[in-house]
Amino acid sequence: SDLCLGKPALRSLSITSTIAEALEVLKTSDDNFVSIWNCDDDECCSRCVGKVCIVDVICYLCKDENLVSPSIALKQPVSVLLPKIPGLIIHVEPSCSLLEAIDLILEGAQNLVVPIKTKVFNNKRSKQQQKPFCWLTQEDIIRFLLSSIGLFSPISSFSIDTLNIISPNTLTIEYHSPASAAIGAISRALVEQTSVAVVDSERTLIGEISPFTLACCDETVAAALKTLSSMDLMAYIDCGGPPEELVKVVSAKLKEKNMNGMLQHFTVSMSCGGFSSSSSSDEEYSSSSMAVQVSPFPRPGRISRSMSYSARMVRRSEAIVCHPKSSLVAVMIQAIAHRVNYVWVIEEDCSLVGIVTFSDMLKVVRESFETMA
């Protein structure tokens, strides 16, 4: 519960809500995810059963039958978006220790749902007042540990190569391949809280198709995902608003494939302005020792689904990278600074070596606790 101080209460939806209702909440929220609850008249029996974001909707709409008639698809219950993987969301008590929380994450939990302590007057709680919850993420725990990183010396100064936490198992797609070939990888990356690397034939890292970036777009990106190449999709979601020439390409291909439902939905979205952009410099981050800029695209502004999203932090298709000799603490700081759960590892020639995730970092820290005990 000490890590929950100051965290906002979860925005939640019933599992019986429609995808359209979830979409509306996501478009007016400062959070990329909305929690889904199996509600009961007895609040003690209500449980968070999952979470959804725009990326879940995008991947769902990418099915051909849904592109033909997205209005019907959006009327389906939000439960169809939830991954059939147990243990991604786990309820814990406020007394749960940090070690227990880390162990649960290493076992596969993405979010730990924690009750928020509230004052109760006259020992009574209104029947209409639901018990508030917040959730803890891997980022929350890494950020907390980073504040006491000196306790983990000398491990924190060791290179990620020395610590053997670079995973060669990466999700990749070649830049000239159809973006639609990455749909399955995007869904998997969303669950694993990683990303899909866009590479050339020599495995040189060009950029990425990140669920975090897609989550800051709107559902019509499904049309671009089904019709563009991986390289063009990066440009589509990377420039503070889709380039006009790519919008025309998407429209033409939707028409060619007789996906009239999505074509109409896409046209209406574009006529209303599509993605709106606002100038921002707070995401700019550079360090010659920890980051290499590998994206070939310009970075003119922030992508957002509406003006209410002006405060959202948004990633672009630029890959966040480090080198095998980067220290653990440097990579932790880099990931926290960019609000990602992973950092790509490359050689000097930008060839992709692997990936380091928060889970990998937590495993090393957890093992160090044993030696400190």
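When the C-alpha atoms of segment 89-229 are aligned to their principal axes, what extent does each axis show, in angstrom, from largest down?
Principal extents (Cα only, largest first): 67, 46, 22 Å.
Which order do peptides 139-152, 220-233, 355-368 fall in by mean Cβ count within 10 Å, highest first?
Numbers: 139-152: 14.7, 220-233: 24.6, 355-368: 19.7.
Ranking, from highest mean packing down: 220-233, 355-368, 139-152.
When only Cα pairs under 8 Å and 6 or more residues apart are kept, what is the percent relative contact order across segment 2-152?
24 percent
Which net charge results when you count Lys and Arg as +1 and Asp and Glu as -1 among the other residues whose beta-carbon is under 12 Å from that of Tyr175?
Here the charged neighbours net out to -4.
Between Ala20 and Thr371, take the C-beta separation as r, use R0 = 45 Å, and let me know the FRET efficiency to the nearest 0.05.
Result of the calculation: an efficiency of 0.30.
Please give me, ordered by residue number, the GluC sites (Glu not before Pro) of segment 1-100 that lie in loop per DSSP and have at most 14 other Cβ atoms within 10 Å.
Taking segment 1-100 and a limit of 14 other Cβ atoms within 10 Å, no loop GluC sites (Glu not before Pro) are found.
Leaving ligands, DNA and RNA out of it, report the carbon-plus-sulfur percent of the accessible area of segment 2-152 at a 1.4 Å probe.
53 percent
For a test of understanding, tell me how many lysine pairs in segment 76-217 have Cα atoms under 28 Å apart, given they are 8 or more places apart or on different chains. Could the numbers behind the result be given before it?
Values: Lys84/Lys131; Lys117/Lys127; Lys117/Lys131; Lys119/Lys127; Lys119/Lys131.
Going through segment 76-217 pair by pair, I get 5.
The values are calculated or read from the model by the stated rules, or taken from the named source; none is laboratory data. Just so we're clear, the structure is a prediction, and the values are computed from it rather than from any experiment. Positions of Cβ are backbone-derived with ideal geometry, glycine not excepted, and every protein chain shown enters the neighbour counts. What goes into the accessible areas is simple: the full protein's heavy atoms, side chains included, and nothing from ligands, DNA or RNA. Shrake-Rupley method; radii C 1.70, N 1.55, O 1.52, S 1.80 Å.
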